[in-house]
Amino acid sequence: MILSSYKAGFRVKGLSVAKIRANARNVRELLMPTGECTDLEAFVENLENFGITYDVVDDSFLPKGTEASCIPEKRLIYISESTYAGICRNDERARFTIFHELGHLLLAHSRTFNREISDEFPIFENSEWQADQFAAEILMPLEIILSKGLRTAVDLQKEFGVSYQAAACRLKKLRAKREIKNA
Ligand SMILES: [Zn+2]
């Protein structure tokens with residue numbers, strides 16, 4: 001998971017924020033019918049009921065610094081042991097990581113579509129940007145931010161159980177697009 005730079009992503013079919021938001025809203029209704037995900041471990045276990053499996057692997061199985069990884073074609077998520085420990089204690093970083101991987105999986109980020117080798121492509125075609133946007137939309141829905149009048153990163157942290165960094169990044173982007181008013 002990379003929040004500040006998207007250089008590590010590969011090129012996928014472009015998706016707008018609006019499309020990712022609509023997709024996240026549908027998935028949220030399906031996977032989080034109560035509107036909450038307070039028990040992350042139970043949430044991850046329940047994914048198997050939707051045909052999404054996960055495998056907890058030794059940290060060394062994944063490339064260095066990788067918290068989780070997925071194979072969208074197999075609907076399989078690899079979770080490092082240390083990230084899984086984070087899931088079990090409802091860690092905010094582990095929460096974003098899991099929803100980021102779900103983004104790759106549900107937005108069908110298959111590398112087999114990636115035939116073209118190119119360094120330069122628009123951000124909305126970047127797999128990492130799309131997965132981060134998906135995680136932000138599903139974990140911190142705009143309609144809840146607006147309806148509850150959440151204004152600060154700490155407000156978002158309390159409401160959604162996300163990290164300060166993820167909350168501040170969400171607010172900054174929403175303000176830049178004037179989807180929420182400047183406080
Ligand atoms: Zn990713």
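Observations on the structure shown:
- L31 of a type in the set (A, V, I, L, M, F, W, C), more than 16 Å from the ligand (Cβ to nearest atom) and in contact with a Ser or Thr (Cβ under 8 Å, 6 or more places away or on another chain): no
- Test: residue in region 107-118 that is surrounded by 20 or more Cβ atoms within 10 Å (Cβ to Cβ) and either over 14 Å from the mean Cα position of the chain (by Cα) or touching a residue at least 12 places away in the same chain (Cβ under 8 Å) (or both): yes
- Residue in region 56-69 that is under 22 Å from G161 (Cβ atoms) and within 13 Å of the ligand (Cβ to nearest atom) present: yes
- Pairs with Cβ under 8 Å, 6+ apart, first in region 95-106 and of a type in the set (D, E), second near the ligand (Cβ under 10 Å from one of its atoms): E101/A68; E101/S69; E101/C70; E101/A131
- Out of K181, K172, one residue alone is of a type in the set (K, R), part of a helix (DSSP H, G or I) and outside the structural domain of D39 (by TED's automatic domain parsing). It is K172.
- Of all residues in region 60-74, those that are touching a helix residue (DSSP H, G or I) at 6+ places or on another chain (Cβ under 8 Å) and either surrounded by 16 or more Cβ atoms within 10 Å (Cβ to Cβ) or hydrophobic (A, V, I, L, M, F, W, C) (or both) total 5.
- Every residue from region 14-29 that is within 18 Å of H100 (Cβ to Cβ) and touching a residue at least 12 places away in the same chain (Cβ under 8 Å): L15, V17, I20, R21, N23, A24, R25, V27, R28
- Filtered by the rule that a residue be hydroxyl-bearing (S, T, Y) and part of a helix (DSSP H, G or I), region 52-91 gives S60, S82, T83, Y84.
Per-residue answers, yes or no, for (1) part of a strand (DSSP E or B); (2) of a type outside the set (G, A, S); (3) away from the ligand (no atom under 15 Å from the Cβ):
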site: V27; (1), (2), (3): no, yes, yes
site: E36; (1), (2), (3): no, yes, yes
site: L47; (1), (2), (3): no, yes, yes
site: A94; (1), (2), (3): no, no, no
site: T97; (1), (2), (3): no, yes, no
site: L102; (1), (2), (3): no, yes, no
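- Matching residues, region 148-164, being part of a loop (DSSP other than H, G, I, E, B) and either among the polar types (S, T, N, Q) or in the same structural domain as I98 (by TED's automatic domain parsing) (or both): T152, S163
The values are calculated or read from the model by the stated rules, or taken from the named source; none is laboratory data. Every value quoted in this text rests on a predicted model; they were computed, and no experiment measured them. Note: ideal-geometry Cβ built from the backbone for every residue, glycine included; neighbour counts use all protein chains shown.
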